[in-house]
Amino acid sequence: MKPGLLQIGSVTQRMMDRLSTEFTVHQLSEIADLTTFLAEQGSSITAVATNGHDGLKPQMMAGMPNLGAVACNGVGYDAVDTAACVARGIKVSHTPNVLNDDVANTAILLLLATSRELVFNDAYVRAGRWAKEGSTPLTRSVEGKTFGILGLGRIGERIAEKLAMFNGTVVYHSRNKKDVAYRYYDSLTKMAQDVDYLIVITPGGAATDKLVNREVIEALGPQGTLINVARGSVVDEPELVSALTDGRLGWAGLDVFEKEPQVPAALFGLDNVTLLPHVASATVETRQAMGDLVCDNLSQFLKDGTILTPVPECAHL
Ligand code: NAP
Ligand code: 8YV
């Protein structure tokens, strides 16, 4: 008999085809009564496949006494309680590196779309306003500007490399200084004061909660732009909305929000924001690579009890 796998969230056919060859897959969305399911079949579940949004709820973990691996389809795993997993010896994997380029490209996309007011200009043409009202106002160039990266990790470094085409200056803030050519700021507020664009690409979770607070937002200021492709929790969202509304912050390009899929309605009426529904990694190519890595981790776990890309907290298990 094949071991059981609980699949949380949506899954591609390619992933489902592969997972089904090795596991008896139970799709959470198709389980009518979870309590009964866990009581009857919880002990057959040895692995969970989930994603960065849904994670794994503690009460579900409790109902799976033989759970050994949690594979997260995403590099961010803040929705999975890794401390609880480590305490039970459960290995947690994620999908680092395979999404670096598309997430970095989305940061550049938001940077350009926000600076050149792409959404406003597109709507202007579609509404027939060009012929009636003439040209739209001038926008801002990204050429030669100063870009501050909050979180110069795997994705942050790719963003920095791609920003080179704009002939500006890249600087960064993180807890640790790295051996790189970019200037390091040990103060996020000071960096925000000095840059034209602040690009947020740290993990979510308690350590980065509201790191971009009112002080940082005001340091970025009326001529500054905030780009967030990390997690909504990293930015104080009510402060962001109020600063964008009353002009204390110039512009924002946002892929992520505090309570997805809810987005503060106050943002909908603002022309100085560009909004995306958390799609930075959502290309066919990258989602396929992420899905393949989820399956590779689970296959490896079945083979010898190890996983290929553990989250740092589980690397010792
Ligand atoms: P990574 O390689 O671990 O890089 C994270 C960076 O953040 C590191 O430079 C780290 O440096 C810094 N950092 C961590 N905690 C910090 C803190 N408290 N203060 C300041 N800097 C901090 O991770 P990655 O692969 O680049 O991914 C980063 C995150 O992007 C993911 O965790 C995920 O949340 C997000 N993401 C979003 C999408 C999307 O769809 N929008 C897609 C992929 C990833 P130090 O340790 O030196 O501080
Ligand atoms: C995914 C992400 O959209 O990798 C991450 O951290 O945020 C995105 O790539 C998310 O994990 C849902 O699968």
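Readers should treat all values here as calculations from the given coordinates under stated rules, not as data from a laboratory. This one's a predicted model, so the numbers in the text were calculated from it and none came from an experiment. Reconstructed Cβ throughout: ideal geometry from the backbone, glycine too, with neighbour counts over all protein chains shown.
Structure data summary
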| item | result |
| --- | --- |
| Simple spin-label estimate for GLU30 and VAL180 in nanometres, 7 Å along Cα-Cβ | 4.4 nm |
| Cα-Cα separations in the chain greater than 39 Å, expressed as whole percent | 21 percent |
| Segment 140-225: Rg to Rh, with Rh as the Kirkwood radius over Cα pairs | 0.94 |
| Values of log10 I(q)/I(0), in the order q = 0.16, 0.17, 0.23, 0.30 Å⁻¹, for segment 257-317 under a Debye, Cα-only, solvent-free model | -0.74, -0.77, -0.96, -1.16 |
| Highest-MSF residue in the chain out of PRO238, PRO137, PRO264 [GNM, Cα springs under 10 Å] | PRO137 |
| Spatially near lysine pairs across the chain, Cα under 17 Å, sequence gap of 8 or more or different chains | 9 |
| Restricting segment 7-96 to trypsin sites (Lys or Arg not before Pro) in coil, as DSSP defines it, with at most 16 other Cβ within 10 Å | ARG88 |
| Between segment 102-145 and segment 24-50, the Cα center-to-center distance that results, in Å | 47 Å |
| Mean separation of Cα contacts under 8 Å, 6 or more apart, over the residue count of the chain: relative contact order % | 17 percent |
| Mean ellipticity per residue at 222 nm, deg cm²/dmol - from DSSP H runs of n ≥ 4 across the chain, formula -39500 (n - 2.57) | -10000 deg cm²/dmol |
| On Cα atoms only, tilt of 13-22 relative to the major axis of the chain in degrees | 30 degrees |
| Estimated D of segment 100-275 in µm² per second, where Rh is the Kirkwood radius over Cα pairs and Stokes-Einstein applies at 4 °C, 1.567 mPa s | 79 µm²/s |
| C-alpha center-to-center spacing [segment 283-317, segment 200-222] in angstrom | 30 Å |
| Percent of Cα-Cα distances greater than 22 Å, calculated over segment 1-140 | 53 percent |
